[in-house]
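Only one structure is covered here, and it is reproduced in the block below.
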Amino acid sequence: MNAATIACFWQFLREQASLSDVRLHDLRHTYASMALAQGETVLTIGRLLGHRNPATTLKYTHMSDLTVRKAADVVGAILEG
């Protein structure tokens with residue numbers, strides 16, 4: 001499958017889903033962020049995305065405020081003892 005075929009199919013899917021501003025590349029960010037939210041490590045996600053450098057993977061993973069809050073609550077509970 002060539003790049004033009006993929007681009008045409010992606011355009012069709014976006015139109016069907018009314019997602020005019022979503023790029024195909026955005027799916028990589030979503031995939032990485034969802035994997036992180038499910039507990040996968042940055043190293044594992046990087047391998048899945050084909051990254052050699054974990055710093056590159058960190059640019060793809062986006063943590064939600066809820067995820068950060070849950071982590072803070074867990075650490076807080078440990079500290080309270």
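The values are calculated or read from the model by the stated rules, or taken from the named source; none is laboratory data. Small disclaimer: the values here were computed from a predicted structure and weren't measured. Quick reminder, even Gly has a Cβ in these numbers, built from the backbone with ideal geometry, and neighbours come from all protein chains shown.
Which one of 35, 7, 55 is at negative phi and within 12 Å of the chain's Cα centre (by Cα)? So that I can check it myself, show each step before the final result.
Numbers: 7 fails: within 12 Å of the chain's Cα centre (by Cα); 55 fails: within 12 Å of the chain's Cα centre (by Cα).
Exactly one of 35, 7, 55 is at negative phi and within 12 Å of the chain's Cα centre (by Cα), namely 35.
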So if I check each of 36, 43, which one is modelled with pLDDT under 95 and surrounded by 10 or more Cβ atoms within 10 Å (Cβ to Cβ)? 36
If I ask for residues that are surrounded by 11 or more Cβ atoms within 10 Å (Cβ to Cβ) and over 19 Å from residue 71 (Cβ atoms), which ones from the range 14-33 would you list? 14, 19, 22, 23, 24, 26, 27, 28, 29, 30, 31
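Give the range 36-81 a look and list any residue that's in contact (Cβ under 8 Å) with a residue 24 or more places away in the chain and either of a type outside the set (Ser, Thr, Tyr) or not in a helix (DSSP H, G or I) (or both), or say none.
Filtering the range 36-81 down to residues in contact (Cβ under 8 Å) with a residue 24 or more places away in the chain leaves 36-37, 57, 60-64, 67.
36, 37, 61, 62, 63, 64, listed by residue number.
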Evaluate the range 38-48: report whether one residue or more is touching a helix residue (DSSP H, G or I) at 6+ places or on another chain (Cβ under 6 Å) and β-branched (Val, Ile, Thr). yes
